[in-house]
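Take a look at the structure below.
The values are calculated or read from the model by the stated rules, or taken from the named source; none is laboratory data. Quick caveat: nothing in here was measured; it's all calculated off a predicted structure. Quick reminder, even Gly has a Cβ in these numbers, built from the backbone with ideal geometry, and neighbours come from all protein chains shown.
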Amino acid sequence: MTTPAPSTPAAAPATQPEALPNIAYDLFAKLDLRVATVKAAVPHPNADKLLKLTLDDGTPAGRQVCAGIKAWYAPEQLVGKQVIIVANLEPRMLRGEVSQGMVLAASDLREGAAPAGDAKPGADERDVIVLTVDKPVKPGSKVS
């Protein structure tokens, strides 16, 4: 008779954000995702967590986007990067500055950080990585 090999404890499952309900393709197709080049980045004058980005999105005027990434990026780290934006988001005022879109980013708990129940993890507990392109493309290029 053979003795079963000792079992190794299973790794704790990684905490994943709860999935949102499915949406129809037609709703997804309404998003206008584009590549934009960061031409300038400065701290938002009226908000501790925001950076004010000036983007070349392939249009003559370009656009301004306020992004809540100040805890993870210094302004000079972003200048020259090509980022992915939601180009057809309605403009809104964020602390006195207009934001004409949204820069997409991925967010994950840092290794060893414990989820804080229902509380949203703070900057010291998670990493935020702005989505960029692998190779340079023309500003305004569609993302699909």
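Show the residue pairs that are 6+ apart or on different chains and have beta-carbon atoms under 8 Å apart, the first residue being within the stretch 89-100 and at positive phi, the second being of a type outside the set (Lys, Arg) and buried (at least 16 other Cβ atoms within 10 Å of the Cβ).
Arg95/His44; Arg95/Ala47; Arg95/Leu50; Arg95/Cys66
Any residue that is part of a loop (DSSP other than H, G, I, E, B), of a type in the set (Ser, Thr, Tyr) and out of contact with any strand residue (DSSP E or B) (no Cβ under 7 Å at 6 or more places or on another chain) - is there at least one of those in the stretch 19-33? Outline the logic, then answer.
Initially, the stretch 19-33 is screened for residues part of a loop (DSSP other than H, G, I, E, B), giving 19-24, 29-32.
The next check asks that each one be of a type in the set (Ser, Thr, Tyr); those that pass are none.
No - not one qualifying residue is present in the stretch 19-33.
Looking at Asp108, Asp124, Asp118, can you tell me which residue is surrounded by 12 or more Cβ atoms within 10 Å (Cβ to Cβ), more than 14 Å from Val35 (Cα to Cα) and either in contact with a Gly (Cβ under 7 Å, 6 or more places away or on another chain) or modelled with pLDDT under 95 (or both)?
Working: Asp124 fails: surrounded by 12 or more Cβ atoms within 10 Å (Cβ to Cβ); Asp118 fails: surrounded by 12 or more Cβ atoms within 10 Å (Cβ to Cβ).
Testing whether each residue is surrounded by 12 or more Cβ atoms within 10 Å (Cβ to Cβ), more than 14 Å from Val35 (Cα to Cα) and either in contact with a Gly (Cβ under 7 Å, 6 or more places away or on another chain) or modelled with pLDDT under 95 (or both) leaves just Asp108.
Mind checking which pairs have a first residue in the stretch 4-32 that is among the hydroxyl-bearing types (Ser, Thr, Tyr) and a second that is at pLDDT 50 or above and surrounded by 10 or more Cβ atoms within 10 Å (Cβ to Cβ), Cβ under 6 Å, 6 or more apart or different chains?
Correct list of pairs: Thr15/Pro115.
Can you pull out every residue in the stretch 48-92 that is in a helix (DSSP H, G or I) and more than 17 Å from Arg34 (Cα to Cα)?
If we filter the stretch 48-92 for residues that are in a helix (DSSP H, G or I), which is where we start, we get 75-78.
Matches in the stretch 48-92: Pro75, Glu76, Gln77.
Say we look at the stretch 38-96 and pick out the residues that are crowded, with 16+ Cβ neighbours inside 10 Å and among the hydroxyl-bearing types (Ser, Thr, Tyr); which of these is farthest from Val143 (Cα to Cα)?
Out of the qualifying residues, it is Tyr73.
Does Thr132 satisfy the condition of being modelled with pLDDT of 95 or more, of a type outside the set (Asp, Glu) and out of contact with any strand residue (DSSP E or B) (no Cβ under 9 Å at 6 or more places or on another chain)? Spell out the reasoning first.
On the way: modelled with pLDDT of 95 or more: yes; of a type outside the set (Asp, Glu): yes; out of contact with any strand residue (DSSP E or B) (no Cβ under 9 Å at 6 or more places or on another chain): no.
Here the answer is no, as Thr132 does not meet what is asked.
Looking at Pro45, is it of a type outside the set (A, V, I, L, M, F, W, C), out of contact with any strand residue (DSSP E or B) (no Cβ under 7 Å at 6 or more places or on another chain) and closer than 27 Å to Lys135 by Cβ?
On the way: of a type outside the set (A, V, I, L, M, F, W, C): yes; out of contact with any strand residue (DSSP E or B) (no Cβ under 7 Å at 6 or more places or on another chain): yes; closer than 27 Å to Lys135 by Cβ: no.
In short, no.
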